[in-house]
Every structure is written in C-alpha cells, then in structure tokens.
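See structure below.
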Amino acid sequence: MISIIVPFKEGPHFLTDCLECLKLQTYKDFEVILVYNDKEEDVTDIVNNYKDCLDIHEYTCEKSGVSAARNMGIANSNGDMCYFLDADDYIFPDALAHYAEAAAKNDVDYFFGQKTTSYLSRTVFFAINNDYCDTEALNMYNLKRKSYKINFRAEFPEGTDPSTLSDEDAEKYHKNMAMGLLLATRRSVKNISVLHTLIKKSVIEKYKLTFDEDELFFGDLNFVTALLEATQNCRYVPDAYYVKRLHNDPEHYPALVQQQKDEKQAMLNAVYEKTMKKLDPKGDVAFYLTDVYANYYVYQYNKRMRKNKNDNYLGDNFKEMHRIAVTFPDRFVKSLKGYRKRSLKILRKGNEKKALHFINRHLAVKKLKKIINDPKKFNTYLYTNYFIKLPMKNNYVILESFRGKAYSDSPKYIYEYLAKTYPGKYKFIWVLDNRRTKLPYGGAKVKRFGLRYAYYLAVSKYVVLNVRQPGWFIKREGNVFLDTWHGTPLKRLVFDQEEVTSASPLYKHQFFVQSRLWDYLISPNNFSTDTFERAFMFEREKIVTCGYPRNDILYTHNNPESISSIKKKLGIPEDKILILYAPTWRDDEYYDKGKYKFTLKLDLNQMKEKLGDKYAVVLRTHYYIADHIDTTGLEGFVYNESDYDDISELYLISDILITDYSSVFFDFANLRRPMLFYTYDLEKYRDMLRGFYLDIEKEVPGPLLFTTDEVIDAIDNIDSLTEKYAERYDEFYDRFCHIEDGHASERICELVFNGKQF
Ligand code: C2G
C-alpha cells in the first residue's frame with residue numbers, strides 16, 4: 001500500500017482539488033495521511049466529503065513548518081511506500097498507477113517522474129487539455145510537458161528509451177535521471193523537492209531519512225540529498241505527471257517560494273552548509289548540490305544585489321555567501337567555465353564592490369543589446385531615465401482606450417466634454433494605433449510605445465485610461481490618474497477569479513500593484529462599485545460611482561437625426577431593422593498574447609435566408625479578436641463593423657442586440673431595446689473559463705439561445721419576448737442603469753479636473 005503524505009496549511013480550494021485528484025486515481029491501494037500544520041481554515045466539511053471514497057487519516061502537527069508535518073506523516077503511515085504530494089498540487093489520474101506498475105516490476109528503493117507547473121486548477125487544466133495533455137494544448141498555455149530538461153551528463157540523450165539499453169546502461173540511465181531530475185537540473189537550489197517521489201518506507205527507516213524540522217524553508221534539501229547519497233537504486237517513471245500549482249494570488253495565498261522573508265537568505269545558507277557537512281565532499285551529490293547553490297548565486301542572488309542596494313543581499317549576507325563559496329569542493333571549482341567562473345571567482349575573493357561592478361556591467365551590456373535591437377525598449381529606457389525627469393506639464397491630458405486600438409469608450413467622452421467645455425485649457429494627447437483617426441477637437445496623436453508616447457506619458461499631469469497602464473509606468477508627484485475601466489462585470493474579475501486562464505500567473509499580483517496607482521476609478525452603478533472594491537481590492541473612497549461617460553450618448557443622441565447620420569456614415573440602409581451581434585472573446589482560444597481566435601457559430605447565411613428581407617446584421621467582434629470574419633456573399637445583410645472605433649454609436653443605431661457574456665448588454669440596456677443571448681458554450685464559459693457574478697439564466701433581460709434556429713425564432717417573435725421579459729428588464733435597468741442620465745462625463749470631469757463633488 002502507498003501512504004500519500006499531504007501537509008495542509010491554507011487554501012481550501014487547493015485541498016479540494018488535491019483530494020479530488022486522489023479520488024480519480026485509477027490505482028486505488030493507498031491511504032491519505034493528511035497532516036495539518038499551522039492550519040488557517042476549517043476544512044472539516046471538505047475532508048468529510050471525501051471520507052467515503054478515500055482512506056483519510058488526519059493528524060495535527062503542533063510544530064510549525066512543512067518539514068515537521070511530513071515527518072509526522074511518515075511516522076504515522078501504514079503503507080510500505082511513502083509518496084509526497086502537497087495540498088496545493090495535484091497529479092494526473094494515472095500517476096499512481098504508473099508508479100505501482102513500475103514498483104511491481106522493479107524491486108528498487110524509490111521511483112520518481114516528471115513534474116510540470118500550472119496556475120490552473122485541476123478541473124480547468126484537464127478541461128482545457130481535453131482530459132489529458134496533448135502537446136499542442138500544453139504549449140498554448142505554456143505548460144510544458146517536461147518542465148525540466150534532463151541535461152545531466154550527455155551520456156543519454158533526451159528521449160532515450162531505457163528498454164533499448166543493456167541492463168548495465170539502463171541502471172546507469174536511471175541513476176543519472178535521479179541525479180538530474182531530483183537535484184542537478186534545478187536552476188536554483190530553492191527548487192529541490194521531494195514531491196512526486198515514491199519511496200519504500202523501509203528505505204526511509206534504514207537510512208533514517210528525515211526532513212529538517214529546524215528549517216521553515218528548504219527542508220527538502222536535506223532529505224533529497226541524503227536519499228541520493230544513500231542509494232541510487234531507483235527508477236525513472238515516464239508519464240506520471242505531477243502538477244505543481246503556481247499560486248496566482250500571492251496577495252492572499254502566497255506559495256512558500258513566494259513568501260518574502262528577510263531571513264530566508266540566511267536560512268538558505270545555513271541549510272546548504274548543514275547539508276554539505278553530511279555529504280561526501282568528493283561525491284556526486286555534494287558536487288551537484290554545490291552546482292545548483294552556485295547557480296542560485298550567479299543567476300539570482302547576484303542580480304538582487306544590484307536591485308536591492310543596501311539591503312538584504314549586501315553586507316553581512318554577502319560576506320556569508322563569500323565564506324561559504326570559499327568552502328566549495330575543489331572538484332566543483334575546477335569544473336567552472338566562462339561567466340559562472342568569473343562571477344564565482346569574485347565571490348570567492350569576497351570583494352562586494354567588485355561583485356556589484358561585475359553584475360552592473362553584465363546587466364548593462366545585456367540591456368544595451370536589448371535596447372539597441374528593440375525600439376520599444378529604447379523608448380521605455382528614455383522614459384525611465386530621461387523623460388520622467390523633465391518638468392511636468394500641468395495642462396497635458398494623455399488618453400488611451402483599449403491600448404490604443406480605438407478612439408472610443410469613456411476616454412473619448414471625457415476628452416469631448418473637456419475640449420468642448422474648456423476650449424484651449426488642455427492639451428490632449430491620444431494614444432492611437434490608427435494615426436488617421438480624426439479627433440474632433442484636435443490634439444496630438446501618438447503611437448503606443450513610440451518615442452512621443454514615452455515623452456507625453458512622462459510629462460502629462462493627467463492620465464486617462466480604460467485598462468491598465470504599462471508595468472513600467474512611474475507615477476510622479478502631482479500626477480492625476482483616472483482609470484475608467486470598461487464595463488459592468490458579468491465575468492469574474494481579478495481577485496474574484498479563481499482561475500486566470502488567459503493571463504500570466506502573476507496577473508493578480510501585477511493588477512494589484514498597478515491599480516494602486518489609480519487616483520480615481522469610474523463605476524457605472526452600485527453593483528460595479530461593490531464588485532471593484534472586492535475584486536480589485538480597491539479603496540472604496542477612490543471609486544467614483546457616476547455612470548459611464550461612454551453611455552452619455554445613449555441619452556443625448558437617441559434621436560432619429562443622430563441615428564440616421566451614423567447609419568449614413570457607415571453606409572448602413574435606413575429601412576432595415578438592425579441586429580447588432582457583439583460577442584465577447586474566449587480565454588482558451590488564442591494565437592498569442594492579446595490575439596484571440598473567434599469562430600463564428602451563428603449561421604449568418606441561414607439568418608440571411610430567413611430574415612434578409614426585413615433585417616440587417618451589424619457584426620462586431622471584441623477588440624481582442626485577431627480573426628477577420630469572412631462575410632463574402634452576405635453583402636447587404638451583414639455589416640462588419642469590428643474595426644469601427646466606438647461601439648456606443650453602434651448601440652444607438654441597433655434595434656436588437658445579440659451578445660453572449662460581454663458587458664455590452666449592461667450598456668445597451670440603457671436604450672431599453674430588446675436583447676438576446678446566444679450562449680452556445682455557456683457551461684464551459686461559465687464553469688470552466690470565468691465564472692459569473694449574475695445568475696445568467698435568471699437575471700439577464702432576454703432569453704438564452706443555443707442554436708441559430710432559436711435565434712431566428714426569437715427574432716421572429718421579438719414582440720412577445722419583449723413582453724415576456726418586460727418585468728425582468730425593468731429590474732435589470734433599475735439595478736444597472738440607475739445612474740445613467742447623459743451627464744456622467746460632466747460629473748467625472750468636474751470632480752477630477754476641478755475638484756467639484758456631485
Ligand atoms: N466591446 C466591443 N465589441 C465587442 C465586445 C466588447 O466593442 N464585441 C467593448 C465594449 O465596450 C465592452 C468592452 O469592450 O463593454 C469590454 O468587453 P467585454 O466583452 O465585456 O470583455 P472584457 O474586455 O473581458 O471586459 O468589467 C468588464 C470586464 O472586464 C470585461
């Protein structure tokens with residue numbers, strides 16, 4: 001029997017995923033030793049839920065730290081093998097089966113296999129990867145099937161199949177893999193871990209293997225190196241994946257590696273020294289442990305010395321690193337070459353000044369190479385080092401909508417209000433990809449990340465954006481930052497999002513840091529105010545619940561003349577009933593960052609056939625969509641306005657809206673015109689990709705439709721549907737459009753630019 005040792009500290013959602021993955025194991029002969037240590041949440045209900053199907057034994061460890069918890073787990077295990085799994089990770093359904101099969105065939109001391117990393121929960125990981133991991137899906141999400149390349153000793157090239165080797169070579173192969181996978185291929189000493197290792201309990205007892213309880217961090221080092229030193233009678237098991245979950249919310253649930261503690265550096269040094277003392281200084285284990293420890297200095301520590309001048313990485317800690325480096329085994333020192341050799345030589349001499357000089361020069365050359373080859377980086381460099389020091393221009397307002405993609409959204413209406421109301425008072429700078437865009441009240445146009453952009457972003461007092469600013473933006477004293485955001489949320493946002501399926505795992509943290517620089521955040525209604533406060537962890541006092549400037553036009557221009565003039569401008573016939581189809585993007589369908597695919601599921605040919613006489617369709621894909629929808633043959637029925645700047649004008653001319661999960665319906669509701677929801681992938685979108693704030697089935701003011709036939713039918717019966725949804729529409733309007741009255745731009749501008757409360 002296998003004893004699975006799972007220490008738990010925090011994160012009930014992690015634990016649920018972990019127990020679920022154990023429940024789904026195809027191999028069943030195991031017990032779960034769940035050890036609570038420094039437990040922060042009550043998980044009784046979760047664990048009880050799994051007691052029917054899993055043999056769970058719970059223990060509470062009084063001593064802090066994962067090491068003590070694991071030791072307690074071993075001590076209380078009843079199996080003849082121990083397997084280490086952390087409560088925030090999960091394994092593939094057949095992982096234990098692969099190990100058990102290997103164990104049945106080979107009487108060896110331990111088994112190990114590949115780990116991969118992901119920031120996705122188990123359900124989403126497997127849903128997105130079609131229940132297993134095909135390589136394409138993994139690549140798409142940057143989830144590498146092999147998270148660590150085994151380049152330890154070139155004797156066996158990658159992909160070697162040990163069954164094709166002689167017995168002697170196969171033995172060597174597994175030993176090499178153990179040294180490589182468990183120790184040497186780690187880029188940093190901090191990543192050495194016992195996870196996903198299945199070890200005979202008799203081996204743990206025979207060699208008295210324990211985790212170092214005195215160390216809150218890096219407790220695995222002692223265990224793994226002692227195991228490797230004691231025995232390399234082991235097997236590498238391919239296809240037994242372990243998913244190490246990256247924490248996407250370090251603000252709430254930092255992983256051990258994400259915890260920033262000043263003493264961590266000293267702890268690492270102490271653990272390395274202590275571990276080395278137990279190893280044969282001439283042996284392979286000492287050699288490769290030193291190798292990864294040295295890597296840590298060369299590739300991480302060294303850089304931090306520069307970034308964090310005067311702190312943690314200089315002075316005593318540097319001296320400590322130097323003292324340890326002097327003791328590096330001779331065999332290791334002799335093996336050094338190139339950059340690592342130069343860097344470590346300075347450390348071994350103990351000259352902090354020289355070490356700083358060395359890293360400064362190295363990084364400066366690296367940066368210079370980047371700057372020379374990349375104009376964007378060159379401009380950013382000028383921004384940070386030069387433009388930001390120029391005097392601030394108190395009347396400059398820089399505006400950007402959807403990262404420069406359009407002259408639109410709330411920034412457009414803020415600009416128009418200010419320019420109209422205070423002619424000549426402000427100089428406006430619009431960030432626009434399309435330089436031919438006409439600005440009705442004039443102003444400079446700059447390309448995002450261009451030289452002039454870098455300059456204006458640095459000197460403008462006012463910054464008005466509807467998404468986030470670049471990570472390198474520096475908030476200057478006197479800067480006024482207004483973020484308008486871009487929609488009442490249906491889809492869960494940032495900290496309310498358990499999964500971040502489309503962005504970097506650091507998304508939540510980055511969002512947190514970037515949004516701290518906003519002085520004002522516009523909210524269109526009380527619901528959004530509550531949501532932004534929670535989901536952005538944002539100060540309520542800075543949220544201005546004033547309605548959306550972009551919706552003013554829906555009140556001020558909702559008249560036949562304005563509608564007719566927009567239609568004329570777009571060449572859309574005035575005698576047709578217009579249906580606007582404006583779907584959102586799908587997190588899991590993309591080519592590249594910010595470039596999403598869109599497959600049109602609505603059969604426009606069928607719609608033309610059935611509705612062509614009376615209706616026309618305005619097609620509008622989300623600004624993230626890179627695909628251009630082919631509408632050949634649909635001329636006169638479909639008008640593709642995906643590139644048109646301002647969707648608010650499209651709302652104004654449309655009689656019916658079809659959308660899915662896009663926030664567009666909250667805005668369109670201001671017109672009180674009928675809307676339909678073409679939600680062909682509802683379950684996946686709601687349950688896997690995003691999660692919603694509203695019960696879409698009960699709260700949106702229109703029917704959910706799943707086929708083109710249903711859409712056509714709904715349009716044919718739009719009057720009776722309007723009647724059917726009238727009450728719900730009223731409730732919806734009162735809840736989400738209660739502030740809108742055509743004066744939101746005035747309210748926000750007077751507050752931000754003139755300090756007038758409304
Ligand atoms: N939009 C558009 N055309 C579409 C869809 C959206 O022009 N076909 C614009 C609308 O102004 C909409 C905004 O982009 O309000 C945001 O689009 P969503 O589909 O809601 O998606 P997203 O960009 O993920 O923003 O709080 C809002 C959320 O952040 C959603």
Subject >> Selection within region 518-541 - buried (at least 17 other Cβ atoms within 10 Å of the Cβ), of a type outside the set (A, V, I, L, M, F, W, C) and assigned to a loop (DSSP other than H, G, I, E, B) >> reply: 524, 525
**OP:** Would you check which residues across region 541-590 are of a type in the set (Val, Ile, Thr) and over 25 Å from residue 719 (Cα atoms) and list them?
**Re:** 543, 544, 545, 553, 556, 566, 584
Original post:
Are any residues in region 1-36 open to solvent by 10 Å² or more (accessible area, probe 1.4 Å) and either without any contact (Cβ under 8 Å) to a residue 40 or more places away in the chain or of a type in the set (S, T, N, Q) (or both), and if so, which ones?
Top reply: 12, 16, 23, 26, 28, 36
Original post:
Looking at (1) assigned to a helix (DSSP H, G or I); (2) under 24 Å from residue 181 (Cα atoms); (3) open to solvent by 40 Å² or more (accessible area, probe 1.4 Å), which is the only condition residue 282 fails?
Top reply: (1)
Original post:
Is it the case that some residue within region 469-481 is open to solvent by less than 10 Å² (accessible area, probe 1.4 Å), touching a strand residue (DSSP E or B) at 6+ places or on another chain (Cβ under 7 Å) and farther than 22 Å from residue 249 by Cα?
Top reply: yes
**OP:** Specify the residue that is farthest from residue 116 (Cα to Cα); the eligible residues are those in region 214-240 that are assigned to a strand (DSSP E or B) and open to solvent by less than 30 Å² (accessible area, probe 1.4 Å).
**Re:** 234
**OP:** Would you check which residues across region 571-624 are open to solvent by 30 Å² or more (accessible area, probe 1.4 Å), away from the ligand (no atom under 13 Å from the Cβ) and in contact with a helix residue (DSSP H, G or I) (Cβ under 6 Å, 6 or more places away or on another chain) and list them?
**Re:** 574, 603, 606, 610
Subject >> Where residue 578 falls short, out of the listed (1) touching a strand residue (DSSP E or B) at 6+ places or on another chain (Cβ under 9 Å); (2) closer than 23 Å to residue 692 by Cα; (3) not β-branched (Val, Ile, Thr) >> reply: (2)
**OP:** Taking residue 552 as the residue in question, decide whether it is among the acidic types (Asp, Glu), in contact (Cβ under 8 Å) with a residue 40 or more places away in the chain and part of a helix (DSSP H, G or I).
**Re:** yes
Original post:
Taking region 542-566 on its own, how many of its residues are within 14 Å of the ligand (Cβ to nearest atom), open to solvent by less than 10 Å² (accessible area, probe 1.4 Å) and touching a Leu at 6+ places or on another chain (Cβ under 9 Å)?
Top reply: 1
Original post:
Going through region 635-678 one residue at a time, which ones are hydroxyl-bearing (Ser, Thr, Tyr) and away from the ligand (no atom under 13 Å from the Cβ)?
Top reply: 639
**OP:** Would you confirm whether any residue within region 467-479 is of a type in the set (A, V, I, L, M, F, W, C) and within 29 Å of residue 582 (Cα to Cα)?
**Re:** yes
Original post:
How do the pairs read when you match residues in region 630-654 that are touching a residue at least 40 places away in the same chain (Cβ under 8 Å) with residues anywhere that are among the polar types (S, T, N, Q), using Cβ under 6 Å and keeping only pairs 6 or more apart or on different chains?
Top reply: 645/408; 646/408
Subject >> Residue satisfying condition, being in contact with a helix residue (DSSP H, G or I) (Cβ under 7 Å, 6 or more places away or on another chain) and either under 30 Å from residue 13 (Cβ atoms) or open to solvent by 20 Å² or more (accessible area, probe 1.4 Å) (or both), within set 484, 488 >> reply: 488
Original post:
Got a sec? Which strands (runs of 3 or more DSSP E) wholly within region 1-90 have at least 2 residues that are over 23 Å from residue 241 (Cβ atoms) and among the hydroxyl-bearing types (Ser, Thr, Tyr)?
Top reply: 56-61
**OP:** Can you tell me which residue within region 594-638, out of those that are of a type in the set (A, V, I, L, M), closer than 20 Å to residue 654 by Cβ and part of a loop (DSSP other than H, G, I, E, B), is nearest to the chain's Cα centre (by Cα)?
**Re:** 600
Subject >> Residue match in region 310-330 (condition: closer than 18 Å to residue 357 by Cβ, touching an Asp or Glu at 6+ places or on another chain (Cβ under 6 Å) and either assigned to a helix (DSSP H, G or I) or open to solvent by less than 50 Å² (accessible area, probe 1.4 Å) (or both)) >> reply: yes
Original post:
With (1) open to solvent by 40 Å² or more (accessible area, probe 1.4 Å); (2) of a type in the set (A, V, I, L, M, F, W, C); (3) farther than 18 Å from residue 403 by Cβ as the list, and residue 459 as the residue in question, which single condition is left unmet?
Top reply: (1)
Original post:
Looking only at helices (runs of 4 or more DSSP H) that fall completely inside region 655-758, which ones have 3 or more residues that are open to solvent by 70 Å² or more (accessible area, probe 1.4 Å) and within 29 Å of residue 494 (Cα to Cα)?
Top reply: 726-736
**OP:** State all residues of region 472-488 that are away from the ligand (no atom under 16 Å from the Cβ) and assigned to a strand (DSSP E or B); if no residue qualifies, say none.
**Re:** 480, 481, 482
Original post:
What are the pairs, 6+ residues apart or on separate chains, where a residue within region 509-536 that is closer than 17 Å to residue 492 by Cβ has its Cβ under 6 Å from a residue that is open to solvent by 10 Å² or more (accessible area, probe 1.4 Å) and of a type in the set (Lys, Arg)?
Top reply: 533/540
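The values are calculated or read from the model by the stated rules, or taken from the named source; none is laboratory data. What you see is a predicted model; the values in this text were computed from it and never measured. In this analysis, Cβ positions are derived from the backbone assuming ideal geometry, glycine residues included, and neighbour counts consider all displayed protein chains. Protein only, heavy atoms only, side chains kept; ligands, DNA and RNA dropped before computing areas. Shrake-Rupley method; radii C 1.70, N 1.55, O 1.52, S 1.80 Å.
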